[in-house]
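The structure appears below as structure tokens.
The values are calculated or read from the model by the stated rules, or taken from the named source; none is laboratory data. Since we're looking at a predicted model, the values are computed, not measured. Backbone-built Cβ (ideal geometry, glycine too); neighbour counts: all protein chains shown. Accessible surface areas use protein heavy atoms only, side chains included; no ligands, DNA or RNA. Shrake-Rupley method; radii C 1.70, N 1.55, O 1.52, S 1.80 Å.
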Amino acid sequence: RIAPPCGLVIFGITGDLARTKLLPAIYDLANRGLLNPAFALTGFARRDWSGGDFEDFVRASIERHARTGFNERTWRQLADGLRFVPGSFDDQDGYRKLAETVADLDRTRGTGGNHAFYLSIPPAWFPVVCQHLADTGLNSVRSDHEWRRIIIEKPFGHDLASAQDLSEAVSRVFDERDVFRIDHYLGKETVQNILAMRFANTMFEPLWNANYVDHVQISMSEEIGIGTRAGYYDGIGAARDVIQNHLLQLLALTAMEEPVRFTPEALRVEKEKVLSAVRLPGDLDASTARGQYAAGWQGGAKVRGFLEEDSIPAESHTETFAALKLFVDTRRWAGVPFYLRTGKRLGKRVTEIAVVFRRAAHVPFENSEMGETGQNVLVVRVQPDEGMTIRFGAKVPGTEMQVRDVTMDFGYGHAFTEDSPEAYERLILDALVGSAPLFPHQREVELSWRILDPVLAHWAASGAPEQYRPGSWGPASAHEMLALDGRSWRIP
Ligand code: BG6
């Protein structure tokens, strides 16, 4: 699969995401030969830049962040297709210049009337940008062979109502099939592997249900704090930032039924079924937890607490840790709790899905030392050490019949020699090719907000989040939440 001749316009090109992820991913795609030579990249920003300044900016980002080595030929090819349009998001003049640039690229570069607009900007601007794109005709094609697409980055709203408003503004200008919503977790190899593991094998699926599964833990922990992202993060918090999108998508892939095909429609039907079957327990105090990282030490360095971070108001109630318990009310999952958690400044950067199986009804050996729980566990390690682990009991060597927990590992790095593309490479390529299975549909976005809204409302009425120590595994209430169920969080 190679992207057809086309142009990509990035709004928010000077932002962190563009600099550290998008530009390097585009270069890596070019370096792997996955972009057509006619590909063109246009930056749109409120900067007084010449074409040369823009080229320097793009080159610096690639040299710093690209995964494939710097190749002069690839760079020249890409650099010839670079354009910069100065303008602010609400200034019609900028869009007129953009329309001229796009028309010129079709004539001189051969982009063939195919253009995607990537909005890597705060969502409050989506309606404004979309309206201007429409007013300058940038959303419309001259023939059936051409396309215009919009690629948007989360957060898709801050609750259900705002997500619906946002979607309405976008869909006034672009057809749903031309809207590509990025959830970069879906671009990760290991996330796609959940489907391969479940549906390309026979040995997992028969056990993948309430008869055998005790509970599921989906964790995404980070060591970093909010860094320089106060403007984005304050008022958003861990649940909106990560659970609404990444973790609920992981839950959907883990819990869904087999799709009839690997097509966007078939996948969506199954993901939507799961998301619409999700139920929160009645007592949100006992089944949710949130926290804010306090000041302290982490990895040998002194770190500031969330409330002392630059531009965070001292009275902010924004959570940097969030955990919740959910049920999926289907026959397959009846009564099986799914525990989700995410947080910044935790013990380790790990994303994993742990499927914890029920204990054997009877174990005929005495002296078993089957670990803390003595339960089989299948862990899908999404990152950083991508792979899978299965935990099971084995005989301890010796003259006694003793059993102890051991693990069996599959590591991507060992099993494959192929280099795995970065999530953004995969997703940008898919958007340019027009392949949609890895992009969430608006209905999924809305179902996810429907799940989260009551939790957010409950927290908003519950005062300040609990503080937790940097480098720990979150606030005490998160541990109590599982202890109430006679369980404990895994320490990855
Ligand atoms: C983003 C969140 O979606 O994912 C960030 O906005 C978070 O807060 C990031 O740090 C983590 O992504 P990854 O790929 O490093 O796990």
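Assess whether A134 counts as being modelled with pLDDT of 95 or more, surrounded by 15 or more Cβ atoms within 10 Å (Cβ to Cβ) and farther than 30 Å from K348 by Cα. Yes, satisfied.
Please find, among R83, R107, R149, R142, the residue that is of a type outside the set (A, V, I, L, M) and within 25 Å of P421 (Cβ to Cβ).
Details: R83 fails: within 25 Å of P421 (Cβ to Cβ); R107 fails: within 25 Å of P421 (Cβ to Cβ); R142 fails: within 25 Å of P421 (Cβ to Cβ).
Only one candidate passes the filter, namely R149.
Of the residues V128, V58, only one is among the hydrophobic types (A, V, I, L, M, F, W, C), surrounded by fewer than 21 Cβ atoms within 10 Å (Cβ to Cβ) and within 27 Å of the chain's Cα centre (by Cα); which? Criteria check complete, one pass: V128.
Applying the condition of being among the polar types (S, T, N, Q) and without any contact (Cβ under 8 Å) to a residue 60 or more places away in the chain to the stretch 193-210 and asking which residue is farthest from D16 (Cα to Cα) yields T202. Name the residues in the stretch 319-336 that are within 16 Å of the ligand (Cβ to nearest atom) and either in a loop (DSSP other than H, G, I, E, B) or at pLDDT below 95 (or both), would you? Across the stretch 319-336, the qualifying residues are E319, T320.
For the stretch 391-400, does any single residue satisfy the condition of being touching a Phe, Trp or Tyr at 6+ places or on another chain (Cβ under 7 Å), of a type outside the set (K, R) and touching a residue at least 12 places away in the same chain (Cβ under 8 Å)? Spell out the reasoning first.
We begin by selecting, within the stretch 391-400, every residue touching a Phe, Trp or Tyr at 6+ places or on another chain (Cβ under 7 Å); these are none.
No, the stretch 391-400 has no match at all.
A count restricted to the stretch 458-492 and to residues that are in a helix (DSSP H, G or I), within 20 Å of I236 (Cα to Cα) and open to solvent by less than 60 Å² (accessible area, probe 1.4 Å) stands at 3. Being among the aromatic types (F, W, Y), closer than 17 Å to M481 by Cβ and touching a residue at least 60 places away in the same chain (Cβ under 8 Å) holds for only one residue in F321, F306, F262, F327, and it is F321.
Kindly indicate whether M197 is assigned to a helix (DSSP H, G or I) and more than 16 Å from the ligand (Cβ to nearest atom).
Criteria met by M197.
Scanning the stretch 210-223 for residues that are open to solvent by less than 30 Å² (accessible area, probe 1.4 Å) and either of a type in the set (S, T, N, Q) or in contact with a Cys (Cβ under 9 Å, 6 or more places away or on another chain) (or both) turns up Q217, S219, S221. Cβ-Cβ contacts under 9 Å between residues 6 or more apart (or on different chains), taken from a first residue in the stretch 122-139 that is under 15 Å from S171 (Cβ atoms) to a second residue that is of a type in the set (D, E, K, R) and open to solvent by less than 50 Å² (accessible area, probe 1.4 Å), are listed as P123/E153; P123/K154; L133/R148; N139/R148; N139/D178. Among the numbered criteria (1) within 20 Å of the chain's Cα centre (by Cα); (2) in a loop (DSSP other than H, G, I, E, B), which one does A314 miss? Of (1) within 20 Å of the chain's Cα centre (by Cα); (2) in a loop (DSSP other than H, G, I, E, B), only one is false for A314: (1). Within the stretch 394-406, none of the residues are closer than 30 Å to A66 by Cβ, at pLDDT below 95 and open to solvent by 70 Å² or more (accessible area, probe 1.4 Å).
Checking each residue in the stretch 224-238 for being touching a strand residue (DSSP E or B) at 6+ places or on another chain (Cβ under 7 Å) and surrounded by fewer than 23 Cβ atoms within 10 Å (Cβ to Cβ) picks out only G225. Condition first: of a type in the set (G, A, S) and either in contact with a Cys (Cβ under 7 Å, 6 or more places away or on another chain) or on the phi < 0 side of the Ramachandran plot (or both). Now tell me which residues in the stretch 113-148 satisfy that. Result: A116, S120, A124, A134, S140, S143. Can you tell me which residue within the stretch 149-158, out of those that are touching a residue at least 60 places away in the same chain (Cβ under 8 Å), away from the ligand (no atom under 13 Å from the Cβ) and on the phi < 0 side of the Ramachandran plot, is farthest from the chain's Cα centre (by Cα)? Taking the candidates together, the pick is R149. Inspect the stretch 1-19 for any residue being at positive phi, surrounded by 21 or more Cβ atoms within 10 Å (Cβ to Cβ) and small (G, A, S) and give the result as yes or no. Yes, the stretch 1-19 contains at least one residue that is at positive phi, surrounded by 21 or more Cβ atoms within 10 Å (Cβ to Cβ) and small (G, A, S).
Kindly provide the set of residues from the stretch 209-262 that are of a type in the set (D, E), away from the ligand (no atom under 16 Å from the Cβ) and assigned to a loop (DSSP other than H, G, I, E, B), ordered by number. Walk me through it before giving the result.
Here is the first cut: in the stretch 209-262, the residues of a type in the set (D, E) are 214, 222-223, 234, 241, 257-258.
From what is left, the residues that are away from the ligand (no atom under 16 Å from the Cβ) are 214, 257-258.
The answer is E257, E258.
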